[in-house]
Amino acid sequence: MLQLNHVAKLFNPATPDEKIALFDIQLHMKPGDFVTVIGSNGAGKSTLMNIISGVMKPDTGNVIIDNEDISHLPEYRRSQWIGRVFQDPMAGTAPRMTIEENLAMAYARGKQRGFSLGVKASKRKLFREHLSRLGIGLDERLHAKVGMLSGGERQALSLLMATFTNPQILLLDEHTAALDPARAELITQLTESIVREMNLTTLMVTHNMEQAIRLGNRLIMMDGGRIILDIDEERKKDLTVERLLGEFEQISGHKLSDDRLVLG
Amino acid sequence: MIDSLWGALESGLLYAFMALGVYITFRILDFPDLTVDGSFTTGAAIAAVMISNGYSPILATLSGFGGGLVAGVCTGLLHTKGKINGLMSGILMMIALYSINMRIMSKPNISIYNMDSIFISVKPLIIVPIIAIVVLVLLDRFLYSDLGLALRATGDNERMIRSFGANTDLTKIVGISLSNGLVALSGALIAQQSSFADINGGVGMIVIGLASVIIGEAVFGASNVIHHTISVVLGSIIYRIVVALALRVEWLEASDMKLITAIIVIIALVLPSTRRVIKQKKMAKKRSAEILLVGQKKTMGGGM
Ligand SMILES: Nc1ncnc2c1ncn2[C@@H]1O[C@H](COP(=O)(O)OP(=O)(O)OP(=O)(O)O)[C@@H](O)[C@H]1O
Ligand SMILES: [Mg+2]
């Protein structure tokens, strides 16, 4: 489904600020894989997401989706396969536009955008159905400007917008990190049920160790631009937070330092 | 007096297309586009030249509109593909258009007095509102289409709309082009109303457009796109009424209008930020007073 082959990314090459953000990354995901990603600050997790989604181009290596090399495609062309939710609740929605307009833009993903009306009665009905499944009353507020919503509501909407057109790949970059614990838990639950229901191939960066273990069927750990540990479903079953942190220290030689670290 | 008010209504509607153009760049795309001063003249120049060469006024007007579209595409390309700063792209295009407009007109001033124009066969006060309503309906319909939504999102959250597959370079070019098309349409119509085109006719247009947008928003509000665009049109009319009234004040001269316009825009730009600063100061005062009070109570309570 998703393959990264020998991907490397340098920032500020050949200057004193040179930074190896990714170093020879190999990652293969099967259809329906739900992989959680943990790692220290600056490990390269967000860079990895950006390389997959096309925000950045790798210096070497390639990105393959469904046996098609998409390394050369710009971000907007790749988005037909990729759904994304960002860490910042402000990032995934357009605040001065209404909920239904935001959904209409998400609905048009991968289609030619022309002169036909963005929000039609038939679409509105579909939007309302999807919104009601979130269970937070957004289906009653189709005409509300998204800027009026709380962070949690916006993130739930972002998640819906990223997924309801059934993307091949879902990328979640700490999408609950900016929320308070109760809202974060709600978004986590929504994520879990949506991913399971739609069987989405998902890559989720999280700073919550317990969540990284509980969710998904595979866990990878990054440090210094490398994938240093890759834990499959079998081994993930009897993993604990202590063992995970222990392994990290053993392999990387230092403690996991993440300013947003949550153990569970 | 009544006559000058009707006149203000008429030119307010004609300049409203220009204001709508400015609304698209400034408000929707959040792109301060200075091409306007040049493209307004481009529209006027094309229309005047074609009419004086015997072409039909309708074709001349549409060609003026087309000239603006092309000018906008150039600014958009400079900004998106050439990666030139937005203000700079507009300024460059504005300067370039001066020479181009001069080439089109081949002299600084063209009179089309007593020649054919859109306003000859139908009374301006009938035809102008009709054109305004048609343009408004088409523009609003466009802004609610899939492409229009992407255009609006480009100014609202570019990263987000790109993640949903819109080519934001393209949406910006479309927006800037449409904006300058409307500005040039306005120029083409004004040239016919006033029976001449002048190479300096567009000077200061951008500020007038901004003033109209700001006045419209302040007086009539802007809850959604339809409401906002109607407010901009009404803002343009109010602006012309203000001009007409100011011209009747004895100690004011016609040339003072640009200063007055600039002052209107400055007030509108400064007011919100000063208001915010004052509000924050008040809030800070109140909060620190509260915190002090709580602190005093604690120390008075003794013990811990
Ligand atoms: N645009 C950039 N220019 C220069 N350096 C960058 C840029 N983006 C990221 N980096 C650097 O690359 C490294 C990897 O960054 P990245 O954002 O991928 O880390 P991360 O694992 O997501 O960290 P965090 O947990 O803090 O989100 C960091 O050292 C970072 O400072
Ligand atoms: Mg990150």
Discussion item. Could you go through the range B:236-249 and let me know if any residue there is within 25 Å of B:T42 (Cα to Cα), open to solvent by 30 Å² or more (accessible area, probe 1.4 Å) and under 15 Å from the mean Cα position of the chain (by Cα).
Written reply: yes
Item to complete: Say whether the condition of being charged (D, E, K, R) and within 14 Å of chain A (Cβ to nearest Cβ) is met by at least one residue in the range B:222-242.
Response: no
Practice prompt. Filter the range B:122-165 down to residues that are among the hydroxyl-bearing types (S, T, Y) and more than 7 Å from every other protein chain (Cβ to nearest Cβ), then give me how many there are.
Written response: 1
Worksheet entry | Test for A:R84: is it away from ligand 1 (no atom under 16 Å from the Cβ) and either more than 21 Å from A:L27 (Cα to Cα) or within 8 Å of another protein chain (Cβ to nearest Cβ) (or both) | no
Worksheet item: Identify, please: which residue in the range A:106-138 is in contact (Cβ under 8 Å) with a residue 40 or more places away in the chain and within 8 Å of another protein chain (Cβ to nearest Cβ) and is, among those, farthest from A:V85 (Cα to Cα)?
Response: A:G110
Discussion item. I'm trying to understand the selection: among the residues of the range A:25-45, which are on the phi > 0 side of the Ramachandran plot and within 15 Å of ligand 1 (Cβ to nearest atom)?
Written reply: A:G39, A:G42, A:G44
Item to complete: Mind listing whichever residues of the range A:65-80 are at the interface with chain B (Cβ under 10 Å from one of its Cβ atoms) and in contact (Cβ under 8 Å) with a residue 24 or more places away in the chain?
Response: A:R78, A:S79, A:Q80
Worksheet, complete the sentence: In the range A:206-264, residues that are of a type in the set (A, V, I, L, M) and open to solvent by 70 Å² or more (accessible area, probe 1.4 Å) total 2
Worksheet item: In the range A:104-121, what count of residues is obtained for those that are assigned to a loop (DSSP other than H, G, I, E, B), open to solvent by 40 Å² or more (accessible area, probe 1.4 Å) and at negative phi?
Response: 5
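Just checking, which of B:V183, B:V174 is at pLDDT 95 or above and away from every other protein chain (no Cβ under 14 Å)?
Answer to the check: B:V183.
The values are calculated or read from the model by the stated rules, or taken from the named source; none is laboratory data. What you see is a predicted model; the values in this text were computed from it and never measured. Glycine also receives a Cβ, built like all others from the backbone with ideal geometry; neighbour counts cover every protein chain displayed. Surface areas here come from the heavy atoms of the whole protein model, side chains and all, with no ligands, DNA or RNA. Shrake-Rupley method; radii C 1.70, N 1.55, O 1.52, S 1.80 Å.
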